[in-house]
Amino acid sequence: MVLNSPERLLTVSDRDQLIKDAGYIHALFKPSDVNPEPPFPGEALLLFAGGLVEQTAGLPEGILALVEISTVTFGSMAVPPLTVHVELTIEDPIPTPSGTKVIWPMTWVMLSENGDHFTASIKMLGTR
């Protein structure tokens, strides 16, 4: 099953506040003559993706928690302002060993008009 999350505008203010609050100090995230508009840190994009996924219509009921991010590949930089959404590909659930819960394997792809910002392999815990 493939679903698309709602869109969200990522703003300069969002980026600046996250960089400040998280304590990023790398030159990539500081404005300069060479880099006047820094991108979002990749980890920040994952944070926004999680919120967008929770708002996605059609998401399987009973999802409880993110339990694994096994692979993340970052593509194009996300320089604000930028409107993004997450495309979710959801696979069939796998019963846990106890049989009381299931694991939902998914792929999340954050997209915008500028391309693919990341692709992540995700597992979420859910009820049966």
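The values are calculated or read from the model by the stated rules, or taken from the named source; none is laboratory data. For clarity, every value in this text was computed on a predicted model and none was experimentally measured. So basically every Cβ, Gly included, is an ideal-geometry build from the backbone, and we count neighbours across all protein chains shown. Protein only, heavy atoms only, side chains kept; ligands, DNA and RNA dropped before computing areas. Shrake-Rupley method; radii C 1.70, N 1.55, O 1.52, S 1.80 Å.
Sorted by accessible area (1.4 Å probe), largest first, how do ASP16, ASP33 line up?
Listed by decreasing accessible area, they come as ASP33, ASP16.
Heavy-atom accessible area of LEU125 with all protein chains present, probe 1.4 Å, nearest 10 Å²?
The accessible area of LEU125 comes to roughly 40 Å².
Which residue, LEU52, LEU111, LEU66, has the most motion in a Gaussian network model of the chain that connects Cα atoms within less than 10 Å?
Most flexible of the set in this elastic network: LEU66.
Got the relative contact order for the stretch 1-64 handy, in percent, Cα pairs under 8 Å and 6 or more residues apart?
48
With unit charges on the beta carbons (Lys and Arg positive, Asp and Glu negative) and the dipole taken about the Cα centre of the chain, which residue among PHE29, PHE74, ILE94 sits farthest to the positive side?
Positive-end residue among those listed: ILE94.
Keeping all protein chains in place and using 1.4 angstrom, which order do LEU9, LEU3, LEU47, LEU28 fall into by accessible surface area, from largest down?
LEU47, LEU9, LEU28, LEU3
Using a Gaussian network model of the chain with C-alpha springs under 10 Å, which one of VAL109, VAL79, VAL34 is most mobile by mean-square fluctuation?
VAL34
How large a share of the accessible area of the chain, in percent, is made up of carbon and sulfur atoms when the probe is 1.4 Å and the other protein chains stay in place?
57
Apply 1/(1 + (r/R0)^6) to the Cβ-Cβ distance of LEU125 and GLN17, taking R0 = 41 Å, and write down the FRET efficiency to the nearest 0.05.
0.85
Suppose R0 equals 22 Å. What FRET efficiency, 1/(1 + (r/R0)^6) with r the Cβ-Cβ distance, do SER70 and ASP116 give to the nearest 0.05?
Details: r = 18 Å, r/R0 = 0.82.
With R0 = 22 Å, the Cβ-Cβ based efficiency is 0.75.
Tell me, what is the per residue accessible area of the chain in Å², probe radius 1.4 Å?
56
Report, in deg cm²/dmol and to the nearest 500, the calculated mean residue ellipticity at 222 nm for the chain, where each DSSP H run with n ≥ 4 adds -39500 (n - 2.57) and the sum is divided by the residue count.
After summing the helix terms and dividing by residue count, I get -6000 deg cm²/dmol.
Note down the nm distance, to one decimal, between modelled labels 7 Å out along Cα→Cβ at ALA27 and at THR89.
Output for this residue pair reads 3.8 nm.
Taking springs between alpha-carbon atoms closer than 10 angstrom, which of ALA65, ALA44, ALA78 fluctuates most in the Gaussian network model of the chain?
It is ALA65.
Report the calculated FRET efficiency for VAL34 and ALA57 (r = Cβ-Cβ distance, R0 = 35 Å), to the nearest 0.05. Walk me through the intermediate numbers first.
Values: r = 42 Å, r/R0 = 1.20.
My answer for the efficiency is 0.25.
Over 5 Å intervals from 0, what percent of Cα-Cα pairs in the chain sits in each interval?
Calculated over all Cα pairs of the chain, the distribution is 2, 10, 20, 21, 17, 12, 8, 6, 3, 1, 0, 0 percent.
Rounded to the nearest 10 Å², what accessible area does GLU68 have for a 1.4 Å probe in the complete protein model?
Solvent-accessible area, nearest 10 Å²: 70 Å².
With θ set to phi - 60°, apply the Karplus curve 6.51 cos²θ - 1.76 cosθ + 1.60 along the stretch 52-66 and write out the HN-Hα couplings as whole Hz, x wherever there is a Gly or Pro.
After applying 6.51 cos²θ - 1.76 cosθ + 1.60, I find 5, 4, 4, 8, 6, 5, x, 4, x, 5, x, 5, 9, 6, 6 Hz.
Assign unit charges at the C-beta atoms only (+1 for Lys and Arg, -1 for Asp and Glu), then state the dipole size of the chain relative to its Cα centre in Debye, rounded to the nearest 20.
320
So what does LYS30 come to for accessible area, using a 1.4 Å probe and Å² rounded to 10?
Answer for LYS30: close to 100 Å² accessible.
How do ARG8, ARG128 stack up against each other in accessible area, from largest to smallest, with a 1.4 angstrom probe?
ARG128, ARG8
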